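Scroll down for the structure; my scribbles are underneath it.
The values are calculated or read from the model by the stated rules, or taken from the named source; none is laboratory data. Owing to the predicted nature of the structure, the values given are computational and were not obtained by experimental measurement. FYI the Cβ positions are ideal-geometry reconstructions off the backbone, even for glycines, and counts take in every protein chain you see. When the accessible area is computed, the model is the full protein with side chains, heavy atoms only, and any ligands, DNA or RNA have been set aside. Shrake-Rupley method; radii C 1.70, N 1.55, O 1.52, S 1.80 Å.
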Amino acid sequence: MTTERVAPAINPWHVAQQQFDAAAERLNLDPGLRQVLREPRREFTTHFPVKMDDGTVRVFTGYRVQHNVGRGPAKGGLRYHQDVSLDEVKALAMWMTWKCAVVGIPFGGGKGGVVVDPKKLSKRELENLTRRFATEIEVLIGPERDIPAPDVNTNAQTMAWIMDTYSMHMGYTVPGVVTGKPISLGGSEGRNEATARGTVYCIEEAARHLHLHLDDATVVVQGFGNAGSIAAQLMAQHGSKILAVSDSTGGIHNPDGLDLKRLFDWKAEHGTVVGFPGAREISNAELLEIECDVLIPAALENQITPQNAERINAKIVAEAANGPTTPEADDVLFRKGIFLIPDILCNAGGVTVSYFEWVQDLNRDHWSEEVVNGKLHEIMTKAFGETLEIAEREQVHMRMAAYLLAVERVSAATSMRGLYP
């Protein structure tokens, strides 16, 4: 999904490097190792032609970046968005490295993207674009090398097209080349809800730590896509009141709470949350500043910045999106006593269940949703506890604690493997 920008343009790659540098400094990381981990291992750019429905040919630009593969194959989503840039993809790939390390799964970080507004393409054109892009990045991807997954504006159908394209070229079915596939093609139970479910598991742990009762908590969600809408549902099941939500067209607010069932029906019929009866229309910027117990940024990067951090009025900020808070804003939230659950921990449920899917594909196995959710809960709560312990011991905010945990794990693996040749 898209969302309006609420701050001046901020380069996400500079943010990612700044976050790493702060952790590396605190860990007193070896200068040579710091140089290795500060840059991506591979950056791939392709300009590829696609035949459109009217017979014309358009050339699109796509990227695939592998940041680090010291702990396992590269893993990361593939997004379709008109604002995709190489620096954005590099940042997302680096964040994936730390995310996999925080939750202790054997993947490195990768990411991909195509510069396109998919809402302006037909389904046939999207399929043509996806299959051609998959062919271009085939030199990098594979079940033991680099495993894409859905991200912004991509879904299970996108992954099915990539899997089929790769399999046709191999001459046999290779379900493990992507995750987030339809269940009928080797996808995992619970994968669609995994990012949101992992986010809510973290919110539960944070609420327990803060002695906050979720059965009467108030919640605001920026971004009513897959992660945001499902997180809202799961929080409502706890008894929480959903005060406001937003999508790319704007936001809605009702201090008495939104009826989610009616809202889903409205969104399905009108394609937007805006105009929902009984709710006041607000901007994404206004939504972030509503007083609430739990704020869930579930849209794009750089939404909470030094320009608005002082006005954030939540007890918990749970980052279901990647990079929604800048380093300077982190410091403001920490000073204000707001408990932030950082993206590399909070939204790691998606890649964790992608790992489960990959394991099931390699073993030609299939687990029940109960088994998947049970394993996810175990991993997320363990990672939360380890991060919180570091935060309290080092007297730092949760993002720094998560980075200290992740960078130490990746640097240890990289050092142990050594440099080749």
Does segment 377-421 hold any residues that are within 19 Å of residue 196 (Cα to Cα) and touching a Gly at 6+ places or on another chain (Cβ under 6 Å), and which are they? 380
Single residue of segment 231-255 satisfying the filter (under 23 Å from residue 348 (Cβ atoms) and not aliphatic (A, V, I, L, M)) that is surrounded by the fewest Cβ atoms within 10 Å (Cβ to Cβ): 237
Just to be sure, is residue 164 of a type in the set (Asp, Glu) and open to solvent by less than 40 Å² (accessible area, probe 1.4 Å)? no
Taking into account only those residues within segment 139-152 that are open to solvent by 50 Å² or more (accessible area, probe 1.4 Å) and in a loop (DSSP other than H, G, I, E, B), which is farthest from residue 110 (Cα to Cα)? 144
Look through 285, 321 and report the one residue that is under 23 Å from residue 14 (Cβ atoms) and either assigned to a loop (DSSP other than H, G, I, E, B) or free of Cβ contacts under 8 Å to residues at least 12 places away in the same chain (or both). 321
Just for helices (runs of 4 or more DSSP H) wholly inside segment 1-109: which have at least 3 residues that are touching a helix residue (DSSP H, G or I) at 6+ places or on another chain (Cβ under 8 Å) and open to solvent by 50 Å² or more (accessible area, probe 1.4 Å)? 12-27, 31-38
List the strands (runs of 3 or more DSSP E) that sit entirely inside segment 176-260 and contain at least 2 residues that are in contact (Cβ under 8 Å) with a residue 12 or more places away in the chain and not β-branched (Val, Ile, Thr). 241-247, 250-253
When only residues in segment 113-153 that are closer than 23 Å to residue 193 by Cβ and modelled with pLDDT of 95 or more count, which is nearest to the chain's Cα centre (by Cα)? 149
What residue, of 332, 274, is without any contact (Cβ under 8 Å) to a residue 40 or more places away in the chain, open to solvent by 30 Å² or more (accessible area, probe 1.4 Å) and among the β-branched types (Val, Ile, Thr)? 274
The listed residue being open to solvent by 10 Å² or more (accessible area, probe 1.4 Å) and touching a residue at least 60 places away in the same chain (Cβ under 8 Å), out of 127, 136: 136
Matching residues, segment 344-398, being assigned to a helix (DSSP H, G or I), of a type in the set (S, T, N, Q) and open to solvent by less than 40 Å² (accessible area, probe 1.4 Å): 352, 354, 360, 373, 381, 387
